[in-house]
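Have a look at the structure below before the remarks.
Values quoted throughout were computed directly from the atomic coordinates according to the rules given, and no laboratory measurement underlies them. What you see is a predicted model; the values in this text were computed from it and never measured. Note that we place each Cβ from the backbone using ideal geometry, even for glycine, and neighbour counts take in every protein chain shown.
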Amino acid sequence: MKKIFLSFVMFVACFCAFGQDAMDSKVAIVNLGKPEIISRKQLDQTMKLLRANNINKSEQEVLEVMIEDCLLKQGAAQEGVTVTEAEVLSAIRKEVGADASVTDDQLKDAIQKQVRVSWETYLSKSQETLAIQKYIRKVKATKLSNVPAPTANEVQRFYDENSKQFFVPRTVSLDHIYVDTRSLNDAEKAKAKTRIEGYSAQLKKAPKDFDKLVELSDDSSSKYSHGEFGTLRIDDAKRRNFLGDSFFDSVFALKKGDISSVLTSNVGYHIVRVTETTEPRLLTLNETVSPNSKATVRDSVISYLTMQNQENVFKECVKELTAELKRKADIKYFL
């Protein structure tokens, strides 16, 4: 879930449930409709958390943000803005990129381990956070719907100043015939190798048979698309580790149009056909960001700058709204 409007205090303190002890002194009372006390204990514990995270702010700065948080929560309540547990779960899934295979219970367990608080506490504070977001979007809808798009000059300037981000290393695009050996014993692996060596021998005589032999591949996701393996980047450490150095190095030694002999990876045997190679270079604004994408570098820059503009306008809305609420509220300081 987005926290672009949250300050450092909200981010750190939102997972802490503080109760005011009978003898606990107050540092502020915020009243936008009903009085809410910010206690000395709350402030001290928040300061402690911030220092533990190497965030150095004065008590007055921290208190001011806590007051603004109270005002936004009270404002959301006055507007009748609510958030359900389902909305919280949906927002978390979107933030962490959890797909449908991750159950709600697994997601809750992961969150509790990460933030080290109970799900109930996390849920309550997350609902408050999302309610504030909905409240701001509601009362500042006009301004938020008129976020300026980045200009052509801004796009060009960002590209020029961040050109290293658009440098691509050597790549190779492949089709392959694949025999999976991951669950085989030694005898079965020997038979598998004999099988793929037979394919290799046939291809040496008739390279055009590649597309026919692909239909015998163990790769069910590519056997009906000419054995399309995809594109490898020479700097892709994750895939190199998965497939193995020998396979990676052999593939990058081939040229466009080459059909390899039998190559061994960590997951099986392959015969690859190189469909495209690229040398290291700087992408232009009008080139696609990857061979498998239709989005251009320009599209990516526009998307990034648009998101930045949205965040900046959202922050302006928060600043404006908290100033408006402060003028309406009765705030007493005891610090």
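Values as computed for the structure displayed
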| item | result |
| --- | --- |
| Cβ-derived FRET efficiency at R0 45 Å, Gln165 paired with Phe334, nearest 0.05 | 0.35 |
| Label-point separation, Met307 to Lys256 (7 Å along Cα→Cβ), nm | 3.2 nm |
| Surface/4 estimate of mean projected area, convex hull on alpha-carbon atoms of the range 287-335, nm² | 5.7 nm² |
| 21 Å Cα-Cα threshold exceeded, pairs from Lys191/Lys238; Lys48/Lys94; Lys164/Lys256; Lys34/Lys108; Lys73/Lys326 | Lys191/Lys238; Lys48/Lys94; Lys164/Lys256; Lys34/Lys108 |
| Per-bin percent of Cα-Cα distances, the chain [10 Å] | 5, 17, 19, 18, 16, 13, 8, 3, 1, 0 |
| Rh (Kirkwood; distinct C-alpha pairs) - the range 106-211, Å | 21.9 Å |
| R0 of 45 Å, Cβ-Cβ distance Lys34-Ala237: FRET efficiency to nearest 0.05 | 0.20 |
| Rh by Kirkwood over Cα pairs, then Stokes-Einstein D for the range 170-279 at 1.567 mPa s and 4 °C, µm²/s | 93 µm²/s |
| Amide hydrogen neighbours beyond the local backbone of Gly244, cut-off 5 Å, H modeled | Asn266 |
| Under the Karplus curve 6.51 cos²θ - 1.76 cosθ + 1.60, θ = phi - 60°, whole-Hz ³J(HN,Hα) for the range 316-326, x wherever Gly or Pro sits | 4, 5, 4, 4, 5, 5, 5, 5, 5, 5, 5 |
